[in-house]
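Taken together, the values in this text are just the output of simple stated rules run on the coordinates, not laboratory data. Bear in mind the structure is a predicted one, so any value in this text is a computation, not a measurement. Note that each Cβ is placed from the backbone with ideal geometry, even for glycine, and that neighbours are counted across all protein chains shown.
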Amino acid sequence: MNKQTSYPIEIVRIGHQIKVTALDPETGMEAVVICPNTISRQDACDLAVRKLHYVLARQKVE
């Protein structure tokens, strides 16, 4: 996680919300966030990647 990593991101609009999925290709783990569609795409992607880092860190601890 310390290295600069690019994660595949999928953005799907669902009504007045967007579903953003970030995927770690090495582990296959993914993190999904649901955001209002008024948020910028960059902020939504950043949020999904931060959640993915959190999920990966939790998996490492367990």
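Listed values, structure above:
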{"quantity": "Mean projected area in nm² (Cα convex hull; one quarter of hull surface) for the chain", "calculated": "4.3"}
{"quantity": "Highest to lowest packing among 42-52, 7-17, scored as the average C-beta count within 10 Å", "calculated": "42-52, 7-17"}
{"quantity": "Acute angle (nearest 10 degrees) that the helix 41-61 long axis makes with the longest principal axis of the chain, alpha-carbon atoms", "calculated": "30"}
{"quantity": "The chain: calculated mean residue ellipticity at 222 nm from DSSP helix runs of at least 4, using -39500 (n - 2.57)", "calculated": "-11500 deg cm²/dmol"}
{"quantity": "Extension gain, R58 back to R41 (0.36 nm per residue minus Cα-Cα distance, nm)", "calculated": "3.5 nm"}
{"quantity": "Under 13 Å from the R13 label point (7 Å along Cα→beta-carbon), backbone N, region 33-62", "calculated": "37-39, 41"}
